[in-house]
Structure formats: structure tokens, C-alpha cells
Amino acid sequence: MLPRVLHIGALIGAAVLTGCATSGSGTPSIPSPTSSPSSPLPSIPSPTSTPSAPSLPSPTSTPSLPSPPSTPSSSDRADGSADVGVPEGEDARTPEERRSGVDGKLDASLGTFDEQIRKEQQRTAQERDARAAGRAEAGAVDEAQRSGKQEGRDRSGDLRSEGTAGSGEKGEKGDAEAGEQSGDQTAGGAMPRGGGGASAGNAVPNGDDDDIIARRLRKAAESETDPELKEKLWKEYRDYKENTRGGS
Amino acid sequence: MIRATSRVACLLSTLLTGSLGAGLISGCVVQETRPQAKVQATQAVQEIPGEERLDVVIHSFDPGIPDELAADEDALAKKRIYPDLRKAEARYIATMLRNTLESSAQWGAVRVGPESVQFVDLSVSGKIIESTGKHLAIEVTARDIAGRVWLQNRRYEGEADLGSYKTDAALRARDPFQNLYSMIANDLLAARAKLDARALRELRQVTDLAFAEDLAPGALSGYLVKDEKSKPPLMRVSRLPAADDPLAMRTQRIRERDTAVIDTLDGYYMAFTEQMQQSYGEFRRTSYEEIDKEEQARSSARTRTILGAAAIAAAILVPGSCNSNTSCNLESAARYAGSVGGVAAFLSGLKKYADARTHAQSFGELARSFQSEVAPQVVEVEGRSLKLSGSAEEQYREWRRLLREYQAEDQFPTASASAPAPASSP
């Protein structure tokens, strides 16, 4: 009878002393911080960076656990026995390790969030580009229709500048007002617009994977009205795309 | 005799003035509105140091729909308020102001964001008082993070610049109400000029510390104090965290994400504005014409009915004073002509009222049609904005919790912290 009671007592004791760890291993010797499911591993996948250890406030010397001083720290125990000094439910890891754990979680969370934001920004940029391209196309069609239909219409300036950024009006005779307007573009009234495309001989790469520089170049090329400059901008864009592809 | 003749002459002149005036004035109400002188936002002539360059968030404007009329579409339409259109304009105007501030190169990042965006150096909000293709009136308030009020419900209003309506290209190049945005930008600049470099630098620090305090209230509070002596009480920096303060460093990393969220929200508003810009410009131009015609017709109608009524009244009420056959005949003819002319002018005035109503209806149709076009876009941008803000808020809760956890760990005595260093206690 007594050995059976002792056996049950030992089992309960082992369970309690392991801090009720629910690792499922069943072995009492799990003081290692890596086995605790309540806090993640310090080496948790962090997409952005490793935990910022240098920023931790305390030096790397063994921190003192909030356990009685007489209790040997887990690192002292080479036999792997249960940590009898750690109260029930308490993490056996050092504060340093726990901080690293929190850092790991933070890094992972920031990384995931960065990815979400990046995707969202990319989506918005693509939508804007597509819309700009659509406007440019519509503008070009409209321009062609107007130039076919109307000559000497009252609204001078429509024909050339339709579908372009309005800068085409600069210096245009007979519409000083519109010329004045085009100079104000940067004053906030104007929005980024598309316009035209590269010449037929030079295929423009798909802009789906454009980064911010490529997007700007593309936008500048689309909205440029001077054919020569426009071609140069497209060339710049193509070169940039090729370089970035080559580099990656 | 002389007196009687002069009275008849007077009667005649009254009647003639009445009937002719009605005709003449009604024909002279065509106003020639010239393109306005352009107000430009003052551009920065030299680079502003980064630590003094304030970031600005412009909140989506209050659409200005009166609560008491909110449920009454007809009453709102009479005031030329179309709720969904106003909601679109509330975002559009904010974006236009953003573009103006950004292009002036006087500020740091300028973005449009919802009300929930709080931790920014300068917040600008506004309310639409009136918005048509012809007239825009808005009230603008600007506050910095420390609590200074830069602009308090300052009213800006103006007529559309006809130069912008002249051609499609001109419409794209410059907003018809660009002058208003430029005036606001210049007023903000004038308000900023009252702060010295130290105050500007402090503002930037207050923003960072306020954000940090919001994320880790226990650990990072105490760096800001409210200066009750100033009016209004201002938030000031009492001390700064150490450069290597681990919590401050972590909140800084989160702050970068917060900035990314605001950038993304700003992208939504920009996309929305680009999407509606062309059709909105055309709507404004057409609505300008309709409103202008309506107002002209109404003014003309008012003049004609008043003068017509005056002519009729004069024909009836001016006492007769003829004392000879000739003058009596003349007077009678004048009375007859006056009453006929008065009635004609009055009827013509009524017709003008009908014309005005027709133009008002045209404007209403136009506005309703544009409203139905833009309403789904408003819903979309608002939906996306809410979704992102909600998800970000959720994320901030998680980060707050992690920072609390980190802070709790930080409070554990460490070997170096708990034991007094021998070197420091000789």
C-alpha cells in the first residue's frame, strides 16, 4: 500500500514541480525555456530582423530569478531534474530570455504587418496606375475624335492638351489663360495623370512589379507631352527595369 | 397749367422708367465674370531642417449636412446639398488642400487621414458650408499636437475661377477653387512663422512622445507635461528618454508602422480623388452654368416683377391732374401704356421665375446623377479605410500587450541592476 501511495505522490509532485507544463512530454525534466509553450521561442521565425538584443538594458550576465537565493538556478542543474525552486505556473526562463521571447513576438508581428501593408500599398498603386492608364487611353481616343470632328472650335487648347497633363498648352497661342494654368500644375490642383505610351518600336515592360522609382519614371513618361523627352523617359524606365531585374 | 404738364411728365417718366427699365434691366443682367487673379501657395525658398519640418494630417472634412435636415432630401436639395455628393467633396477638398501643402515644400509628410489619426504634428480639419460649381465656402481648424490652435473655424469662401472651366486641360491643371486652398496654405504658414525653431523641434518630440506614451503608458509616461500656465494649456517635453531606452526604441519601430498605415490611408484618398476628379470637374463646370443661369433668371425675374408691379401701381395710383382735353388724353394714354407695360413686365418676370426653376431642376438632376456615380466610390474608400484602421487598431492592441510584457520583464531585477556595482560605491 505504502509504495503505491508514494508512487502516486511522486507522480503528482513531478507534475506540480514541472510547473504544470503542458508540453505533453510527460518527462519531469523540462526546465529548459524552449519547451515552455506559454512563451514562444527566442528563435521564432522573424521575417524582418533578429530580436534586437543590443538594445536590451541589462548586460548578459546571469540574471537573478525572483526565486529565493538559496535555490539553485536551472542552469546549475546538470542532472535535468525538476526545478523545485520555481513556483507553480512560472516560466523557468531568465528575464533576458523572456525579453528575447517578447522581442521575437514583436518582430514577427511587425514583419507580418509590414507584409500586409506592403501588399495593400502595392494594390492601391496598381489600381491608381491602371486608372491613370485608362484615363490616358480615354483621353487619346477623345482627342482623336475631337480632332477629327472639330476644327477651330471655341475652346482652343482642348485638342492638343486633351489626354495630356495640360503642360502641352504652354506657349500655345490664343489661349494665354490655359497656358497660365499649366504653369500652376504644381500648385495642388493637378493630380498625377497618365498620357500616351512609348513608341511602338520599344515595348514597355509590364508595370505590375514596379517599385517606387520605376512607378515614378513610368508616370513621368506617361504624362510627358514632348515626344523626344517622353522617349527618353521610357528608355530610362526600361533601363531601370532591366537593371533591377539583372540585379535581383 | 405748367404744374399739370409737369405732373403728366412725371407720370409718364415713372411709367416709362417702369416699363422700359424692366425691359432694359432684364436685358442687362448678363454678367461678365473674368478669370480671377491667382493666389499661389508660398513656396519654400530654402530647405527646412528635418527636425523642424512638421508633418501634417488633413482629416476628411465634415460634409456639413445640417442635422435637422438630414432626413429631408427635398429640403437639402433646396439648399443644394446632396449628402453623398457632399461626402465625396469632403474627401476631395481635403485631398486638394493636401496637394497644395505638399507642393509648397514647406512641410514634412502631408497626408489625408480619418479622424482616428491623432499623433501628428499638425492636424487640419474642416467643414463644408457651401459647395457648388460656382461657390465654395469652408471652415478650417488647425491644431498642433501640443494643443496650440493655429486656425479656429476660419472661413474661406470664393467664387470659382472661370479660367479653370475654360478648357478641359485647364480644369485638370488647376482646381477652380485653388485660390482658397492656397490661402489656407499661406495662413498655416503665417501661423507657423509665429513659432521659433525650438518650438518646432519640440512639437516633433511631443508627437513622438505622445505616441510612445499611448503605446506604453506605464513606462513612457512622464516625459510630457501639461503647461497649465500657457493659454491654452500646452503639452511640453519635460525630459527625453535615453537614446538607448529599449522601450522607446521599440515604440519607435511601431511608430514607423503607424506612419506606413497613414501613408496607406492617404493612398486610398488620393486614389479616390483621382477617380472622381475628371467627372467631378465636368459636373462642377456644368453645374456652374446651370446655377449661373438660374441666378440670372431669378434676378431678372425679381427685377421685372418689381418694376412691372411698380408700373401698374403708378398707372393706377398716381392722381390725375389734367385740366385740359389734351393733357387728359395724354395722361390716360400714359396710364394705359403704363398698365399694359407693367403687366407685360410682371408676366415676363413670372416666366423668368419659371426659367429659374427649370435651371434649378436641371442642376438637381445633374447633382443626383453625379451623386449616384460617386456614392459607391465613397463607400469603397470609407470601407477600405475603416478596414485598415480597424486592423491596425487590433495590431496596436497586440503591440501594447507585448510592450507591457516587455516592460514587466524589464522590471525583473537583473544581476547588474539589483546588485550595487562595486565601482560606483567606493
(request) Give just the number: which of (1) away from every other protein chain (no Cβ under 14 Å); (2) in a helix (DSSP H, G or I); (3) touching a residue at least 60 places away in the same chain (Cβ under 8 Å); (4) small (G, A, S) does B:A354 not satisfy? (result) (3)
(message) Looking only at residues that are among the small types (G, A, S) and without any contact (Cβ under 8 Å) to a residue 24 or more places away in the chain in the stretch B:233-250, which one is farthest from the other protein chains (Cβ to nearest Cβ)?
(response) B:S238
(request) Considering only the stretch B:371-391, state which residues are within 26 Å of A:D114 (Cα to Cα), away from chain A (no Cβ under 13 Å) and surrounded by 16 or more Cβ atoms within 10 Å (Cβ to Cβ). (result) B:E382
(message) Can you tell me how many residues within the stretch A:100-137 are at pLDDT below 80 and within 9 Å of chain B (Cβ to nearest Cβ)?
(response) 1
(request) Mind counting the residues in the stretch B:115-129 that are modelled with pLDDT of 95 or more and either surrounded by fewer than 18 Cβ atoms within 10 Å (Cβ to Cβ) or in a strand (DSSP E or B) (or both)? (result) 8
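Residues are listed down the side, and each one gets a yes or a no for (1) aliphatic (A, V, I, L, M); (2) outside any strand (DSSP E or B):
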site	(1), (2)
B:L171	yes, yes
B:N179	no, yes
B:L189	yes, yes
B:R201	no, yes
B:T207	no, yes
B:L220	yes, yes
B:M235	yes, no
B:A242	yes, yes
(message) When you check B:A142 against the structure, is it under 30 Å from B:A212 (Cα atoms), modelled with pLDDT of 95 or more and in a helix (DSSP H, G or I), yes or no?
(response) no
(request) Give B:A173, B:A190, B:A160 a once-over and let me know the one that is of a type in the set (G, A, S) and modelled with pLDDT of 95 or more. (result) B:A190
(message) Would you confirm whether or not the stretch B:392-410 contains a residue that is more than 14 Å from every other protein chain (Cβ to nearest Cβ), at pLDDT below 80 and in a helix (DSSP H, G or I)?
(response) no
(request) Take the stretch B:235-257 and flag every residue that is buried (at least 20 other Cβ atoms within 10 Å of the Cβ) and closer than 27 Å to B:V112 by Cβ. (result) B:M235, B:T251, B:I254
(message) Condition first: without any contact (Cβ under 8 Å) to a residue 60 or more places away in the chain, hydrophobic (A, V, I, L, M, F, W, C), assigned to a loop (DSSP other than H, G, I, E, B) and touching a helix residue (DSSP H, G or I) at 6+ places or on another chain (Cβ under 7 Å). Can you find one or more residues in the stretch B:70-78 that meet it?
(response) no
(message) I'd like to verify a number: residues in the stretch B:46-66 that are surrounded by fewer than 16 Cβ atoms within 10 Å (Cβ to Cβ) and within 18 Å of the chain's Cα centre (by Cα), how many?
(response) 1
(message) Suppose the filter is within 14 Å of another protein chain (Cβ to nearest Cβ), more than 24 Å from B:Y165 (Cα to Cα) and more than 25 Å from the chain's Cα centre (by Cα); does B:A260 pass it?
(response) yes
(message) Condition (residue is over 25 Å from B:L388 (Cβ atoms) and not in a strand (DSSP E or B)) applied to the stretch B:107-114: is it met by at least one residue?
(response) no
(request) Return yes when B:A191 is more than 30 Å from B:P49 (Cβ to Cβ), surrounded by fewer than 21 Cβ atoms within 10 Å (Cβ to Cβ) and of a type outside the set (V, I, T) and no when it is not. (result) no
(message) Looking only at the stretch B:79-106, how many residues end up being part of a helix (DSSP H, G or I), polar (S, T, N, Q) and farther than 14 Å from B:P176 by Cβ?
(response) 3
(request) Report yes if some residue within the stretch B:206-222 is within 14 Å of chain A (Cβ to nearest Cβ), more than 15 Å from the chain's Cα centre (by Cα) and either closer than 25 Å to B:L97 by Cα or small (G, A, S) (or both); otherwise report no. (result) yes
(message) Which residue is farthest from B:R98 (Cα to Cα), if the candidates are limited to the stretch B:145-168 and must be part of a strand (DSSP E or B), more than 11 Å from the chain's Cα centre (by Cα) and not aromatic (F, W, Y)?
(response) B:E159
(request) Only one of these is more than 30 Å from B:A160 (Cβ to Cβ), part of a helix (DSSP H, G or I) and in contact with a helix residue (DSSP H, G or I) (Cβ under 6 Å, 6 or more places away or on another chain): B:F346, B:F283, B:F272. Name it. (result) B:F346
(request) Within the stretch A:84-99, work out how many residues are of a type in the set (A, V, I, L, M, F, W, C) and at pLDDT 60 or above. (result) 1
(message) So the check is Cβ under 8 Å with 6+ separation or different chains; which pairs have a first residue in the stretch B:91-109 that's more than 25 Å from B:V381 (Cα to Cα) and a second one that's of a type outside the set (A, V, I, L, M, F, W, C) and part of a loop (DSSP other than H, G, I, E, B)?
(response) B:S104/B:T42; B:S104/B:Q43; B:A105/B:Q43; B:Q106/B:T42; B:Q106/B:Q43; B:W107/B:R53; B:W107/B:D55
(message) What's the number of the only condition in (1) within 11 Å of another protein chain (Cβ to nearest Cβ); (2) more than 27 Å from B:Y82 (Cβ to Cβ) that B:L265 fails to meet?
(response) (2)
(message) Between B:E256, B:E289, B:E294, which is touching a His at 6+ places or on another chain (Cβ under 8 Å), assigned to a helix (DSSP H, G or I) and not small (G, A, S)?
(response) B:E294
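The values are calculated or read from the model by the stated rules, or taken from the named source; none is laboratory data. Quick caveat: nothing in here was measured; it's all calculated off a predicted structure. Here the Cβ is made from the backbone with ideal geometry for all residues, glycine too, and neighbour counts use every protein chain on show.
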